[in-house]
Amino acid sequence: MRFLRGLLDNDSVFGQLMTRCGILIAANLLFVLSLLPVVTAGAGYAALYFTLLTCLREQTCNPFTTFWKGFKSNFKQGTLCFLALLALGAVLWLEIGWCDQFEGAMALFRYPLMAMGIAVIVLACYLFPVMAAFRVNFKQLLMDSVYFAVKRPVTTVGMLIANIVPMAVTYLDRGNLPTYAFLWVLCGFAVITMFNASMLLKSFAPYLEQKEKEASAPGEGHVQTEQEVLSDMEKLGM
């Protein structure tokens with residue numbers, strides 16, 4: 001009995017694992033609910049990142065209150081970014097389909113359009129986690145997203161693989177679609193987002209620490225943070 005109580009204790013390895021699984025499932029279900037109106041998908045995705053980044057930094061959190069906080073604070077920006085990405089993706093898809101109807105030089109235009117499509121996907125991978133981690137305006141959000149994508153190319157490739165491969169497998173293996181659908185609804189989105197968030201947190205951590213210093217000592221940390229970011233951008237040729 002003593003062993004069983006120790007195993008089920010919240011501070012035990014098993015207890016912490018079960019707590020983390022509960023957070024993942026709850027956050028995933030909340031995100032799935034945010035997909036139902038469609039237009040709120042962007043705010044829901046930012047809220048999912050906000051919840052899991054908070055969980056990683058604080059080791060635990062209340063997924064319901066944290067998700068709702070992230071949803072409210074990112075509702076306007078998340079919705080606008082999602083609609084803009086959706087519209088841009090639709091235009092590129094139609095343009096590529098239009099180029100496929102031609103031969104010769106016109107058909108070659110599909111390749112720069114495909115490159116633009118990849119750039120949009122990469123941007124989408126970073127917009128929502130950056131939005132969840134930092135309260136910035138839209139212009140700064142775009143700059144920060146490009147900055148982090150260029151600064152950590154290995155992380156970018158890892159995120160692309162984590163986001164695209166599971167969805168591709170789901171689409172191609174239609175015989176097991178009910179099983180995949182169950183896994184996506186239960187925890188699929190949150191597991192992928194947790195994987196991405198754990199990689200991104202290494203890049204975000206120094207700036208999040210500076211952000212906390214700004215809150216405790218306004219006027220000091222802000223200048224230092226912007227100088228560091230601009231210096232890094234210059235090194236990257238941006």
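The values are calculated or read from the model by the stated rules, or taken from the named source; none is laboratory data. Computed from a prediction, not measured in an experiment: that's the story for all the values here. So basically every Cβ, Gly included, is an ideal-geometry build from the backbone, and we count neighbours across all protein chains shown. Only protein heavy atoms, including side chains, enter the accessible area calculation; ligands, DNA and RNA are left aside. Shrake-Rupley method; radii C 1.70, N 1.55, O 1.52, S 1.80 Å.
Summary table below
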item	result
Hey, PHE109 in a helix (DSSP H, G or I), farther than 30 Å from CYS187 by Cβ, open to solvent by 60 Å² or more (accessible area, probe 1.4 Å) and aromatic (Phe, Trp, Tyr) or not	yes
Members of the range 35-53 that are open to solvent by less than 30 Å² (accessible area, probe 1.4 Å) and not in a helix (DSSP H, G or I)	THR40
Number of positions in the range 182-203 that are in contact (Cβ under 8 Å) with a residue 24 or more places away in the chain and either aliphatic (A, V, I, L, M) or under 19 Å from THR60 (Cβ atoms) (or both)	14
Residue selected from the range 125-173 under the condition within 24 Å of LYS69 (Cα to Cα) and not in a helix (DSSP H, G or I), by the criterion most open to solvent (accessible area, probe 1.4 Å)	ARG135
Failed item, numbered, when VAL150 is tested on (1) farther than 30 Å from THR19 by Cα; (2) under 18 Å from the mean Cα position of the chain (by Cα); (3) at pLDDT below 90	(3)
All positions within the range 100-129 that are within 16 Å of SER203 (Cα to Cα) and in contact with a Leu (Cβ under 6 Å, 6 or more places away or on another chain)	PRO129
Qualifying residue in the range 54-77 (condition: in contact (Cβ under 8 Å) with a residue 24 or more places away in the chain, within 21 Å of ILE164 (Cα to Cα), surrounded by 13 or more Cβ atoms within 10 Å (Cβ to Cβ) and in contact with a helix residue (DSSP H, G or I) (Cβ under 7 Å, 6 or more places away or on another chain))	no
Contacts under 9 angstrom Cβ, first residue in the range 168-181 being touching a residue at least 12 places away in the same chain (Cβ under 8 Å), partner among the aromatic types (Phe, Trp, Tyr), 6 or more apart	THR170/TYR180; THR170/TRP184
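Here's the yes/no breakdown for (1) modelled with pLDDT of 95 or more; (2) within 13 Å of the chain's Cα centre (by Cα); (3) of a type outside the set (S, T, N, Q):
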| residue | (1), (2), (3) |
| --- | --- |
| GLY15 | no, no, yes |
| CYS21 | no, no, yes |
| ALA26 | yes, no, yes |
| LEU33 | yes, no, yes |
| ARG57 | no, no, yes |
| ASN62 | no, no, no |
| CYS81 | yes, yes, yes |
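The rows are residues; the columns are (1) farther than 26 Å from PHE138 by Cα; (2) part of a helix (DSSP H, G or I); (3) not β-branched (Val, Ile, Thr).
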position	(1), (2), (3)
THR19	yes, yes, no
ALA26	yes, yes, yes
LEU33	no, yes, yes
CYS61	yes, no, yes
LEU92	no, yes, yes
GLY97	yes, yes, yes
